[in-house]
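Below you'll find the structure, written out as structure tokens, and then a few comments.
The values are calculated or read from the model by the stated rules, or taken from the named source; none is laboratory data. This one's a predicted model, so the numbers in the text were calculated from it and none came from an experiment. Don't worry about glycine lacking a Cβ; one is built from the backbone with ideal geometry, like all the others, and counts go over all protein chains shown.
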Amino acid sequence: MNKMKWAMSAAVVVTMSVVGCGGDSMSTEQQQLGSVVQNLGPNNEFYGSDTLKEALIAANVQSGAGLTIEGKGSGVGEGCLRNGSGTSCIGRQQTLAPMSRDFKAGTCAGGTASSGACCPGESSNVVALDAVNAFVSSSTYNALAGNSISTANLKKVFCGDGSGSASTCVSNWSALGRPTTGTIAKYRRDDLSGTTDTFKSLLGCTTFCADVVVINDESSTNPSPCTTSDSATTCIGKLTANNANAIGYAGDSARRTGNAALKVDGIAPTAANVRKLISSNPSGVYPLSRKLFLNENVNYAKATQEQALYDWVYSTNTQDFEDLLVQQGFISCSDISPLDCGGDLGRGAGVCKGL
């Protein structure tokens, strides 16, 4: 798959600016008017989940939306929906954000605190399901008993007792029952990643072991064979496929020839086991199952490019969008109809209801 950032070459449609040259920023009251449209970045940058990046690149191309899909992490996308995110977004810059987790408590546009996890107008829009996988090389997968790792041992590998205490961190494959010994090469997503949030919360980690290497999006510091055009998820896929001693957590889109996703507590990350997350009987659910989102703030009018993507996803090509997600290795919420994730095509099916 072509991993390049796609940017449409059509002329940029200019929309009303949040802050005009020499002008004043919008008041909180003005920001709450749905008729106000903010600019995206100068090249229509669109930030959010790195896990969903490749699916959004394809959706952007097929819809002709004209966005430049950046990834960078769910925390960055959430910030761009709210009060800004470092150098990526200076203040609120998006009304949509692909995220691999639901909203979290934080600072809303205008500087006010969220009410619980939600800022006014935020809607948690579930689009698919996913497994946070523990990827290893195919040879290690076959060497471990039952092709499985326990949640307790997975925690010990990445964060020991949860605090990252060196004395509690497991660092050799022999401690996990692999017949051949070897120092474990550990890889993780960064702290802005929704995948990291999910992994830490489900395993009870607060601090990682010191020998866990952080993989960043499109970074020259990532180990070989990763390139500067690789997303963090793609890089972890490459690292675990090419090193028999490697382990890394990532979403399904890191799967590739040469690596495999371990069972966790003997439960495989199959579609049936992940779908139990949203079933009335969650018994036997894969322990690291999660929902994926195209989150939104309904209180703001979308930029032209965002509206084009939104209409393609929710009005004209819903099945095509779900097909893209499934092609990337994600799991549809059901086999009955596209985006059958609760709510209205999954909209409002998470914590925030668009209120």
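Working only within region 256-276, note down all residues that are of a type in the set (Lys, Arg) and part of a helix (DSSP H, G or I).
Within region 256-276, the subset of a type in the set (Lys, Arg) is 256, 263, 275-276.
Selection gives 275, 276.
Restricting the first residue to region 198-218 and requiring it to be in contact (Cβ under 8 Å) with a residue 60 or more places away in the chain and over 15 Å from residue 156 (Cα atoms), which pairs with a second residue that is in a helix (DSSP H, G or I) and of a type in the set (Gly, Ala, Ser) meet a Cβ separation below 8 Å and a spacing of at least six or different chains?
217/232
Out of 257, 316, 270, 240, report the one residue that is hydroxyl-bearing (Ser, Thr, Tyr), closer than 24 Å to residue 123 by Cβ and either buried (at least 24 other Cβ atoms within 10 Å of the Cβ) or more than 18 Å from the chain's Cα centre (by Cα) (or both).
Working: 257 fails: closer than 24 Å to residue 123 by Cβ; 270 fails: closer than 24 Å to residue 123 by Cβ; 240 fails: closer than 24 Å to residue 123 by Cβ.
So the residue among 257, 316, 270, 240 that is hydroxyl-bearing (Ser, Thr, Tyr), closer than 24 Å to residue 123 by Cβ and either buried (at least 24 other Cβ atoms within 10 Å of the Cβ) or more than 18 Å from the chain's Cα centre (by Cα) (or both) is 316.
Right, residue 329: modelled with pLDDT under 95, within 19 Å of the chain's Cα centre (by Cα) and at positive phi or not?
Working: modelled with pLDDT under 95: yes; within 19 Å of the chain's Cα centre (by Cα): yes; at positive phi: yes.
Against the criterion (modelled with pLDDT under 95, within 19 Å of the chain's Cα centre (by Cα) and at positive phi), residue 329 qualifies.
Determine the pairs where a residue that is at pLDDT 95 or above, located within region 43-59, has a partner that is in a helix (DSSP H, G or I) and charged (D, E, K, R) with Cβ atoms under 8 Å apart, the partner being 6 or more residues away or on another chain.
Sorted first by the residue in region 43-59, then by its partner, the pairs are 46/306.
With the requirement that a residue be crowded, with 24+ Cβ neighbours inside 10 Å and part of a loop (DSSP other than H, G, I, E, B), what does region 68-84 give you?
73, 82
Taking the stated definitions as given, is residue 298 in the same structural domain as residue 73 (by TED's automatic domain parsing) and in contact with a Gly (Cβ under 7 Å, 6 or more places away or on another chain)?
Here the answer is yes, as residue 298 does meet what is asked.
Could you tell me whether residue 253 is in a loop (DSSP other than H, G, I, E, B) and either on the phi < 0 side of the Ramachandran plot or out of contact with any helix residue (DSSP H, G or I) (no Cβ under 8 Å at 6 or more places or on another chain) (or both)? Let's see the steps before the verdict.
Numbers: in a loop (DSSP other than H, G, I, E, B): no; either on the phi < 0 side of the Ramachandran plot or out of contact with any helix residue (DSSP H, G or I) (no Cβ under 8 Å at 6 or more places or on another chain) (or both): yes.
Spelling it out, it is not the case that residue 253 is in a loop (DSSP other than H, G, I, E, B) and either on the phi < 0 side of the Ramachandran plot or out of contact with any helix residue (DSSP H, G or I) (no Cβ under 8 Å at 6 or more places or on another chain) (or both).
Name the single residue, out of those in region 151-182 being aliphatic (A, V, I, L, M) and in contact (Cβ under 8 Å) with a residue 24 or more places away in the chain, that is farthest from residue 205 (Cα to Cα).
Here is the first cut: in region 151-182, the residues aliphatic (A, V, I, L, M) are 152, 154, 157, 166, 170, 175-176.
If we keep only those that are in contact (Cβ under 8 Å) with a residue 24 or more places away in the chain as well, we get 154, 157, 166, 176.
Values: 154: 11, 157: 11, 166: 14, 176: 19 Å.
Going through the qualifying residues, I end up with 176.
Table: residues versus (1) of a type in the set (Lys, Arg); (2) surrounded by 21 or more Cβ atoms within 10 Å (Cβ to Cβ); (3) out of contact with any Leu (no Cβ under 9 Å at 6 or more places or on another chain); (4) not assigned by TED's automatic domain parsing to the domain that holds residue 80.
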position	(1), (2), (3), (4)
160	no, yes, yes, yes
164	no, no, yes, yes
169	no, yes, yes, yes
175	no, no, yes, yes
201	no, no, yes, yes
209	no, yes, yes, yes
225	no, no, no, yes
235	no, yes, yes, yes
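Looking for whichever is in a helix (DSSP H, G or I), crowded, with 21+ Cβ neighbours inside 10 Å and not aromatic (Phe, Trp, Tyr) here; the options are 294, 325, 339. Which one fits? Steps first, answer last, please.
Working: 294 fails: in a helix (DSSP H, G or I); 339 fails: in a helix (DSSP H, G or I).
Unique residue meeting the criteria: 325.
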